[in-house]
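The values are calculated or read from the model by the stated rules, or taken from the named source; none is laboratory data. Keep in mind that what you see is a predicted model, and the values were worked out from it rather than measured. Using ideal geometry, Cβ is built from the backbone for each residue, glycine included, and neighbour counts are taken over all protein chains shown.
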Number of protein chains: 2
Amino acid sequence: MSYQLYYWTGLQGRGEFVRLCLEDAGAEYADVARIEGDDAIMPFLSGDREGALPFAPPFLKSGRLVIAQVANILQYLGPRHGLVPEGESKRLHAHQLELTVTDFVAEVHDTHHPVSNELYYEDQRDEAKKRAKDFREHRIPKFLGYFEKSLERGGGRFPLREHSYVDLSLFQIMAGLEYAFPKALAKQKVPLLRDLAKRVADRPNIAAYLASERRVPFNTNGIFRHYPELDD
Amino acid sequence: MSYQLYYWTGLQGRGEFVRLCLEDAGAEYADVARIEGDDAIMPFLSGDREGALPFAPPFLKSGRLVIAQVANILQYLGPRHGLVPEGESKRLHAHQLELTVTDFVAEVHDTHHPVSNELYYEDQRDEAKKRAKDFREHRIPKFLGYFEKSLERGGGRFPLREHSYVDLSLFQIMAGLEYAFPKALAKQKVPLLRDLAKRVADRPNIAAYLASERRVPFNTNGIFRHYPELDD
């Protein structure tokens, strides 16, 4: 099965959660906008293509299916590539964790855009400083604490007792925080999460991907942005 | 099958999306915190109960399963109560729409809490005014336009060509906006959405629910809050 992934070029963004899943699975896929340019995304957003209408990228084409929303895509890919345990209860649990990752990612985004997506960061920096302070003091500990506890309950190594797409997303969160909020992250007591992130980075397909040019470096176009004044 | 729903008392909040689904289905359920008080929620959040750990309410207990995250709960309930069409493609589409509802609800919340959940609205009113302006001018049209277009593509009456849990959530969004942002809502050209919301309100189980005391009125503890200065 070959997939077509559609996501903006030049940043990791939300597309990266899907990419990590495809790469770990060793799935064949085309990263369409990187080949054809961002314009390839537009006809889907404007409704000129068949299939479910995406609100925004990333979306994945799999045969005739158009699947949008990161957690929805991962839920689709998981069982096809052995990236989620069997059974309804485990799959509901995996998806519940992934939706909490989604919530966290939205909050990360809003640290640098607390007022409007239509404005530059520089035009909402004062509000961003306030929001980032709250994010560092309350939200990072709350979310990472939750994931740490989920790991604990899963036996320490995997929140779902075996490898799954959730691990890949938790790795990305830890990598993103390390880039964007290194000082705040250093203060968190989350040994199980840190260990999980290392083990994911060492998985052969992920290690090869991270070393490749397909992994765009973190930068200040993405969701995880490093502005020193927001980490202080 | 009898369910136990756990959600904070005194507000509709995110729990309401689940309640609408249970009510429309005529499912037996106990709204546990309304019977036992909010304290009944705590042992689940602190990890003192079996099953998947919820990050936050609402969560649903169904037998031994603990299911959190609204879209995850609806995805679980949908097929059990004829509230989602058959087939993988339709179910992925339903869930994609529901996850976009989730994103919208988070943005509604942030219009009155753009800085921090730890602060009162009154302590972040200036930032709220800026964020709400952006929300009215850009986000409401973008999200409602997307749902309107999805309805159009579904034939005009249902985004999924037949009744589903997504309709119930879209009704709740229209009802919430009517309460919180009546002026901004009046400006939107979304005839299909308005018609859908009316038809949902007229469904016998929903009409009975809306007329009952189980439907807590909208208020300024919930997600949809009416502060006149944010709608001007």
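What residue, of B:Ser89, B:Ser150, B:Ser164, is away from chain A (no Cβ under 11 Å) and closer than 21 Å to A:Ile73 by Cα?
One residue alone meets the criteria, B:Ser164.
Inspect the range B:107-124 for any residue being within 11 Å of chain A (Cβ to nearest Cβ), within 15 Å of B:Phe224 (Cα to Cα), acidic (Asp, Glu) and in a helix (DSSP H, G or I) and give the result as yes or no.
Yes, some residue in the range B:107-124 is within 11 Å of chain A (Cβ to nearest Cβ), within 15 Å of B:Phe224 (Cα to Cα), acidic (Asp, Glu) and in a helix (DSSP H, G or I).
Would you point out which residue out of B:Leu119, B:Leu97 is crowded, with 24+ Cβ neighbours inside 10 Å, among the aliphatic types (A, V, I, L, M) and in the same structural domain as B:Phe147 (by TED's automatic domain parsing)?
Of B:Leu119, B:Leu97, the one residue that is crowded, with 24+ Cβ neighbours inside 10 Å, among the aliphatic types (A, V, I, L, M) and in the same structural domain as B:Phe147 (by TED's automatic domain parsing) is B:Leu97.
Name the residues in the range B:183-200 that are under 16 Å from the mean Cα position of the chain (by Cα) and over 25 Å from B:Leu230 (Cβ atoms), would you?
B:Leu196, B:Val200, listed by residue number.
Hey, B:Ala180 hits all of (1) under 21 Å from the mean Cα position of the chain (by Cα); (2) within 23 Å of B:Glu16 (Cβ to Cβ); (3) within 14 Å of chain A (Cβ to nearest Cβ) but one; which does it fall short on?
The one condition B:Ala180 does not meet is (3).
B:Pro54 - would you say it is assigned to a loop (DSSP other than H, G, I, E, B) and facing chain A (nearest Cβ under 9 Å)?
Details: assigned to a loop (DSSP other than H, G, I, E, B): yes; facing chain A (nearest Cβ under 9 Å): yes.
In short, yes.
Could you check A:Ala52 against (1) surrounded by 21 or more Cβ atoms within 10 Å (Cβ to Cβ); (2) small (Gly, Ala, Ser); (3) within 20 Å of the chain's Cα centre (by Cα) and say which number it fails?
Tallying (1) surrounded by 21 or more Cβ atoms within 10 Å (Cβ to Cβ); (2) small (Gly, Ala, Ser); (3) within 20 Å of the chain's Cα centre (by Cα), A:Ala52 fails exactly one: (3).
Can you give me the number of residues within the range A:64-107 that are touching a residue at least 24 places away in the same chain (Cβ under 8 Å) and over 19 Å from B:Val101 (Cα atoms)?
The total comes to 11.
Take the conditions closer than 14 Å to A:Tyr227 by Cα and crowded, with 23+ Cβ neighbours inside 10 Å and apply them to A:Arg136. Does it pass?
No.
Of the numbered conditions (1) among the basic types (Lys, Arg); (2) assigned to a helix (DSSP H, G or I); (3) under 17 Å from A:Tyr29 (Cβ atoms), A:Lys61 fails exactly one; give the number of that condition.
(2)
Inspect all residues belonging to the range A:108-118 and state whether any of them is out of contact with any Phe, Trp or Tyr (no Cβ under 9 Å at 6 or more places or on another chain) and among the hydrophobic types (A, V, I, L, M, F, W, C).
Yes: the range A:108-118 contains one or more residues that are out of contact with any Phe, Trp or Tyr (no Cβ under 9 Å at 6 or more places or on another chain) and among the hydrophobic types (A, V, I, L, M, F, W, C).
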